């Protein structure tokens, strides 16, 4: 018998919504287990909270004893990152008799030294702790031992990493070894953080070029096009071919990843909730990445060279190692392919979800 599951989302992110993509890829993989996911939203940003909750209450009448898996990011449920109304959503669903699950895509509260951000962090930690108490099943996308706001792992909390939000063919076309070595960067953060990442990327590629000569830098994905000018300025007088592309179709992203010899990931630390990093692992491309408190297995089992974010100069040395040592390059690529199939491929993720949803 087919099991019906509701994936409930908050505000839609623009121009792309990674959480919705996650639900669609997961839903497609769960069909093999006779589980059908229906995506629904609480459109509070367009209709206001009163009308949105009223509409949700009417829908929830038909969801009694049905799994409703609510997708949590702080900004999906609050424009300013104070997601207290998220708890109203959960309590409404509980009162309707649903089987309540939550996927925590944001697994850590926002952090910043500003007073307002300290208040925001406390609010988010409170919401997440309370949500854990209310739900019947919580999916953490990072191992709970790494989370600052959890003193102990709740019995109903389960770790399941995210997938790459892309579909990869069984075998990617191998690159021509005679081509110019290509360093890839898939997506850059917006705002001031993105400006800092851009500086680090340019510095790293300059260092690698000084040791290796001609290189190609391929930057693509979200916010990439906004950083083209500073990247070109940062690479002036260096023998580096720069290609910058913004949002691409999924198939194009897969092709760009396959064309890279090494990927550079400096969007804070690499972790099991970073779908852009997992896409690189899925492509079997060696990676050089920052590590932080969230960095833990199985991401550390993949072909990733980890660098302390306080020592960004080490990124360039690691890139040089990967591009100048064919044996190391193949070892890293093999590790990534194996880790992807075991932990990050959608069939593997769907199998974990199916087991959880049918046993509860």
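The values are calculated or read from the model by the stated rules, or taken from the named source; none is laboratory data. These numbers come from a predicted model, not from an experiment. FYI the Cβ positions are ideal-geometry reconstructions off the backbone, even for glycines, and counts take in every protein chain you see.
Can you tell me which residue within segment 78-101, out of those that are touching a strand residue (DSSP E or B) at 6+ places or on another chain (Cβ under 9 Å) and outside any helix (DSSP H, G or I), is nearest to residue 27 (Cα to Cα)?
If we take residues in segment 78-101 being touching a strand residue (DSSP E or B) at 6+ places or on another chain (Cβ under 9 Å) and outside any helix (DSSP H, G or I), then 101 is nearest to residue 27 (Cα to Cα).
Here are 233, 225: which of them is surrounded by 14 or more Cβ atoms within 10 Å (Cβ to Cβ) and in a helix (DSSP H, G or I)?
Only one candidate passes the filter, namely 225.
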* Within segment 34-54, is there a residue that is crowded, with 19+ Cβ neighbours inside 10 Å, in contact (Cβ under 8 Å) with a residue 60 or more places away in the chain and in contact with a strand residue (DSSP E or B) (Cβ under 6 Å, 6 or more places away or on another chain)? -> yes
* Asked: Can you name the condition, by its number, that residue 124 falls short on among (1) at pLDDT 95 or above; (2) in a helix (DSSP H, G or I); (3) surrounded by fewer than 20 Cβ atoms within 10 Å (Cβ to Cβ)?
  -> (3)
* Structure fact -> residue 104 fails exactly one of (1) crowded, with 18+ Cβ neighbours inside 10 Å; (2) at pLDDT 95 or above; (3) out of contact with any strand residue (DSSP E or B) (no Cβ under 6 Å at 6 or more places or on another chain); (4) in the same structural domain as residue 13 (by TED's automatic domain parsing), namely (3)
* Asked: Given 13, 62, which one is over 24 Å from residue 223 (Cβ atoms) and either assigned to a helix (DSSP H, G or I) or in contact (Cβ under 8 Å) with a residue 40 or more places away in the chain (or both)?
  -> 62
* Could you tell me whether segment 237-247 includes any residue that is assigned by TED's automatic domain parsing to the domain that holds residue 192, in a loop (DSSP other than H, G, I, E, B) and either under 17 Å from the mean Cα position of the chain (by Cα) or over 22 Å from residue 206 (Cβ atoms) (or both)? => yes
* Just one of (1) buried (at least 19 other Cβ atoms within 10 Å of the Cβ); (2) at pLDDT 95 or above; (3) in contact with a helix residue (DSSP H, G or I) (Cβ under 8 Å, 6 or more places away or on another chain) trips up residue 141, so point out which. => (3)
* Within segment 289-319, restricting attention to residues that are in contact with a strand residue (DSSP E or B) (Cβ under 6 Å, 6 or more places away or on another chain) and in contact (Cβ under 8 Å) with a residue 40 or more places away in the chain, which residue is surrounded by the fewest Cβ atoms within 10 Å (Cβ to Cβ)? -> 309
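Report, by residue number, each residue of segment 342-352 that is out of contact with any helix residue (DSSP H, G or I) (no Cβ under 6 Å at 6 or more places or on another chain) and surrounded by 13 or more Cβ atoms within 10 Å (Cβ to Cβ).
If the condition is that a residue be out of contact with any helix residue (DSSP H, G or I) (no Cβ under 6 Å at 6 or more places or on another chain) and surrounded by 13 or more Cβ atoms within 10 Å (Cβ to Cβ), then 343, 345, 348, 349, 351, 352 are the ones that fit.
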